[in-house]
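What follows is a short report on a single structure.
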Amino acid sequence: MYYSYAPKIISQRVLQLSGKNLFTRNNFVLSNISKKVQLNLLRNFATIESNTSGAEIPAKKHAPTKEVNFTTDKYTYLRRKNFKEACIPFLTQDDIKFFTSILPANGLIIDKEDDLMPYNIDWMRKYRGKSRLVARPKTTQQVSQILKYCNDNKLAVVPQGGNTGLVGGGVPVFDEIIINTNNLNQIRSFDPISGVLTCDAGCILELLDGYLAERGYMMPLDLGAKGSCHIGGNVATNAGGLRLLRYGSLHGSVLGLEAVLPDGTILDNLSTLRKDNTGYDIKQLFIGSEGTLGIITGVSISTPRRPRAVNVAVLGFNSFQNVQKAFLTSKDELSEILSAFEFWDINALKLLKAHNIHGKKFPLEDNYPFYVLVEISGSNKSHDDEKLQNFLEKLLTNEIVTNGVVAQDDTQITSLWSLREGIPEACSKAGAVYKYDISMPVPVLYQMVKDIRIRLQSAGVLGEDKLVSDVIGYGHIGDGNLHLNIVAKSYDPKVTNLIEPYVYEWTEQHKGSISAEHGLGLMKADYLGYTKSPPMISLMKQIKQSIDPNGIMNPYKFLPTQ
C-alpha cells in the first residue's frame, strides 16, 4: 500500500494564494484557495474510483491455463543441456526418497499437473515450462541440502519467488526442478535505531512494508507487484520501481545477503553494517544475477523513515519537451522532497478509459498528449506544500504545464496513483502485450515510442482490426526508464520479428540499456550484446563457470546461449 497521499484540482480561473491574485491557467488550484472554490473543484473528483493495481505488473494475475504454449515450442533453437531428466520415470525412487526426507508432504509437488501449472507458467502467459517437481523449503539448511543433491546428480533447478517476472526468468524452460521460496517468509530482526531489516528471501514486499509502517519506516522500493513479489526475487532481479529517483537502487540499500551456492555452500554475508571496506563486495554479484549463481535465502536492507507528509499532483502537457522542462524544474524547486516523477502518454489514458479501470470520471476533463505524476514526501507538511506551490506556480508562469490536479486527501492520492498503476492492467485487458523495459537518455526516451509506431504502421500491422492495436509509452522520467507496451491480438511471429531486434538495435544506437529493471531472463539473454561488450560478457561467463561449473542454476537464461 502507498503511504498517505493527498489531490486538488487545477482549473482555469483566477487563483488566490495568500490573498493575492496570481494568474489564470487551465484547471489549477494551489493550496490556499477558498473553501468555496475548493469544493467546486473537488466535485469533479468525487466519483473517481480508487484502484491500486500494479505499476509494472497488475496485482490481479491471470490464472494460468493449459492453453499456453510450451516455451520450447516457441524457442525452437534451445537444446536441452546434458542434465538428468527431472521427471517421471527419470527421477528414481532414490531421488523421490531424498526429497521426501528433506521436505514434508506440503512442501513438495510431484507430478500433479494441475498443482504444478501455476509454477510452470508466468503471469503474462508467455512462458510455460515442463517441471514435474516443485520444492518449497522452509529453511536455508533445506535449500542447501536440496541444491547439493541436485548439483551432485546434475539436476537443473529454477529459483522462483512470487513468479511476477516479465522476462521468463522465474519459470522452467524444460523440466528443471522449481525451488520456490514461498515458505521462507520470516522476519529475522529489525533495528529501529539504524533502520536495518533482516528477513527471509520469501517475505512479500507489501507485508514487509506494512511491518515497517508500524515502526515508522518503509521499504526503499515500491512495485506494482508488491502484493505478490518476494524480496529475494526483488534483489535477484535488482528491481527498481516507482521511487528509485528518491531512494536509489538495491545495489545501495542492500547491506548483506545470505545465499546458497550450487554445491550447497551457505554464504552467510548478512551484514547490517553500512560501512565495510574489507575485500570484494561479494553480495553485489548476487544482486541482479537472476538466480544463475545461487539462491538468495536472506536479506538485510537499509530502510528509510516513512515520511509524515506526502502529496501528489497529476499534470497535463502538450509536448514531451515540456515534460522534460517540468522535471528539470522539479529538481530545482522540490529537490530533497521529490520522491516520484512518472509519465504516461495519451494512448495509455485511452486504454484506461476504454477498459474502465478507474470508473467513468477522470480528474482532467480534457485530453493531453502527455501526463506526469509528481509525488513529494517529507517531514513538514506546511514546508512541503509551500515548495509544491512554488513548483506549480513556476510551471504556470513559464507556460510549461497545461492542466492538472493536486491531491487534497489520502483517497485522492490513491486515485491519482491508480491512473499510473492501472496502465499495465488496461494493457493486459486489451490483448497480448509485448513489454519492453529499456533505459536511455531522457531527451530521446519518447522517440522510441514514435519510431516503433512508424515501423509497425509502415508494415501494415498497426491499426483497427490489425495484428497490433496500440503502442503506448509510460515510465520513470527520474531514471530514464521507458516501459514500451505493444498491444496485439496474440503473440504473433510476424509482430515479434518486426519488434525484435529492432528495439534493441535502437536502444544500442542511443546508448541505452535493453533492461532497465525487469532483468534479462530468457527473453533478453541472447540480446545482451546490445548493451554489454564481448569482454564484459566473457567475464560474466567466467564468473558463472567458477561458481556453477555444472550449470544447474537457472539454465538457458541471463547469458547468451547462441
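Just wondering, is there one or more residues in segment 290-298 that are among the hydroxyl-bearing types (S, T, Y) and touching a residue at least 40 places away in the same chain (Cβ under 8 Å)?
yes
Give the residues of segment 390-434 that are among the basic types (K, R) and under 16 Å from L315 (Cβ atoms), sorted by residue number.
K394, R420
Being in contact with a His (Cβ under 8 Å, 6 or more places away or on another chain), in contact (Cβ under 8 Å) with a residue 24 or more places away in the chain, crowded, with 17+ Cβ neighbours inside 10 Å and not assigned by TED's automatic domain parsing to the domain that holds V143 narrows it down to one residue among L205, L197, L221; which is it?
Just one listed residue meets the conditions, L205.
Consider K148 carefully, then state whether it is closer than 19 Å to P555 by Cβ, basic (K, R) and out of contact with any helix residue (DSSP H, G or I) (no Cβ under 7 Å at 6 or more places or on another chain).
yes
Among N367, N356, which is open to solvent by 10 Å² or more (accessible area, probe 1.4 Å), within 24 Å of the chain's Cα centre (by Cα) and modelled with pLDDT under 95?
N356
For L257, are the conditions met, namely being more than 20 Å from S377 (Cβ to Cβ), of a type in the set (A, V, I, L, M) and open to solvent by 10 Å² or more (accessible area, probe 1.4 Å)?
no
Residue by residue, here is whether (1) out of contact with any Ser or Thr (no Cβ under 9 Å at 6 or more places or on another chain); (2) assigned to a loop (DSSP other than H, G, I, E, B); (3) on the phi > 0 side of the Ramachandran plot; (4) surrounded by 20 or more Cβ atoms within 10 Å (Cβ to Cβ) holds:
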{"residue": "V323", "(1), (2), (3), (4)": "yes, no, no, yes"}
{"residue": "K331", "(1), (2), (3), (4)": "yes, no, no, no"}
{"residue": "F341", "(1), (2), (3), (4)": "no, no, no, yes"}
{"residue": "L351", "(1), (2), (3), (4)": "yes, no, no, yes"}
{"residue": "P363", "(1), (2), (3), (4)": "no, yes, no, yes"}
{"residue": "Y371", "(1), (2), (3), (4)": "yes, no, no, yes"}
{"residue": "I376", "(1), (2), (3), (4)": "no, no, no, yes"}
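If you check E421, E393, which single one turns out to be outside the structural domain of Y502 (by TED's automatic domain parsing), under 30 Å from L338 (Cβ atoms), charged (D, E, K, R) and under 15 Å from the mean Cα position of the chain (by Cα)?
E421
I'd like to verify a number: residues in segment 277-295 that are farther than 17 Å from G252 by Cα and within 21 Å of the chain's Cα centre (by Cα), how many?
Of the residues in that region, 4 qualify.
For segment 488-518, what are the residues that are closer than 26 Å to L250 by Cα, in contact (Cβ under 8 Å) with a residue 24 or more places away in the chain and open to solvent by 10 Å² or more (accessible area, probe 1.4 Å)?
H510, K511, G512, S513, S515, A516, E517, H518
Among the residues of segment 441-478, what is the count of those that are out of contact with any strand residue (DSSP E or B) (no Cβ under 7 Å at 6 or more places or on another chain), farther than 23 Å from H355 by Cα and not hydroxyl-bearing (S, T, Y)?
12
List every residue pair whose Cβ atoms lie under 6 Å apart, where the two residues are 6 or more positions apart in sequence or sit on different chains, the first residue falls within segment 130-152 and is more than 19 Å from K81 (Cβ to Cβ), and the second residue, located anywhere, is among the polar types (S, T, N, Q) and at pLDDT 95 or above.
So the pair list comes out as V134/N180; R136/N180; R136/N182; R136/N183; K138/N183; T140/T297; V143/T297.
Go through (1) in contact with a Lys or Arg (Cβ under 9 Å, 6 or more places away or on another chain); (2) without any contact (Cβ under 8 Å) to a residue 60 or more places away in the chain one by one and return the number of the condition G279 breaks.
(1)
Can you find a residue that is modelled with pLDDT of 95 or more, closer than 30 Å to Q186 by Cβ, exposed (fewer than 14 other Cβ atoms within 10 Å of the Cβ) and under 31 Å from the mean Cα position of the chain (by Cα) anywhere in segment 111-130?
yes
Restricting attention to segment 260-281, which residues are closer than 19 Å to P159 by Cα and assigned to a loop (DSSP other than H, G, I, E, B)?
Those that are closer than 19 Å to P159 by Cα and assigned to a loop (DSSP other than H, G, I, E, B): L261, P262, D263, G264, T265.
Within segment 227-242, which residues are open to solvent by less than 20 Å² (accessible area, probe 1.4 Å) and either assigned to a loop (DSSP other than H, G, I, E, B) or among the aromatic types (F, W, Y) (or both)?
Passing the criteria: C229, A239, G240, G241, L242.
Going through I301, I266 one at a time, which residue ends up being at pLDDT 95 or above, open to solvent by less than 30 Å² (accessible area, probe 1.4 Å) and out of contact with any Lys or Arg (no Cβ under 7 Å at 6 or more places or on another chain)?
Result: I301 is the single residue among I301, I266 that is at pLDDT 95 or above, open to solvent by less than 30 Å² (accessible area, probe 1.4 Å) and out of contact with any Lys or Arg (no Cβ under 7 Å at 6 or more places or on another chain).
Starting from residues that are of a type outside the set (S, T, N, Q) and within 25 Å of Y211 (Cβ to Cβ), keep the ones in segment 269-287 and report whichever is surrounded by the most Cβ atoms within 10 Å (Cβ to Cβ).
Restricting to residues being of a type outside the set (S, T, N, Q) and within 25 Å of Y211 (Cβ to Cβ), the top hit is F286.
Which of the residues that make up segment 403-441 are open to solvent by 10 Å² or more (accessible area, probe 1.4 Å) and among the acidic types (D, E)?
Correct list: D409, D410, E425.
Would you mind finding the one in L245, L293, L257 that is among the aliphatic types (A, V, I, L, M), part of a loop (DSSP other than H, G, I, E, B) and touching a helix residue (DSSP H, G or I) at 6+ places or on another chain (Cβ under 6 Å)?
Of the residues listed, the single one that is among the aliphatic types (A, V, I, L, M), part of a loop (DSSP other than H, G, I, E, B) and touching a helix residue (DSSP H, G or I) at 6+ places or on another chain (Cβ under 6 Å) is L293.
Identify, from the list G473, G480, the residue that is open to solvent by less than 10 Å² (accessible area, probe 1.4 Å), at pLDDT below 95 and within 24 Å of the chain's Cα centre (by Cα).
G480
Scanning for something under 21 Å from the mean Cα position of the chain (by Cα), surrounded by fewer than 22 Cβ atoms within 10 Å (Cβ to Cβ) and part of a loop (DSSP other than H, G, I, E, B), does segment 184-191 turn up at least one residue?
Checking segment 184-191: at least one residue is under 21 Å from the mean Cα position of the chain (by Cα), surrounded by fewer than 22 Cβ atoms within 10 Å (Cβ to Cβ) and part of a loop (DSSP other than H, G, I, E, B).
The values are calculated or read from the model by the stated rules, or taken from the named source; none is laboratory data. From a predicted model like this one, the values you see are computed outputs, not experimental measurements. Virtual Cβ from ideal backbone geometry, glycine too; neighbours counted across all protein chains shown. Keep in mind that these areas ignore ligands, DNA and RNA; they rest on the heavy atoms of the full protein, side chains included. Shrake-Rupley method; radii C 1.70, N 1.55, O 1.52, S 1.80 Å.
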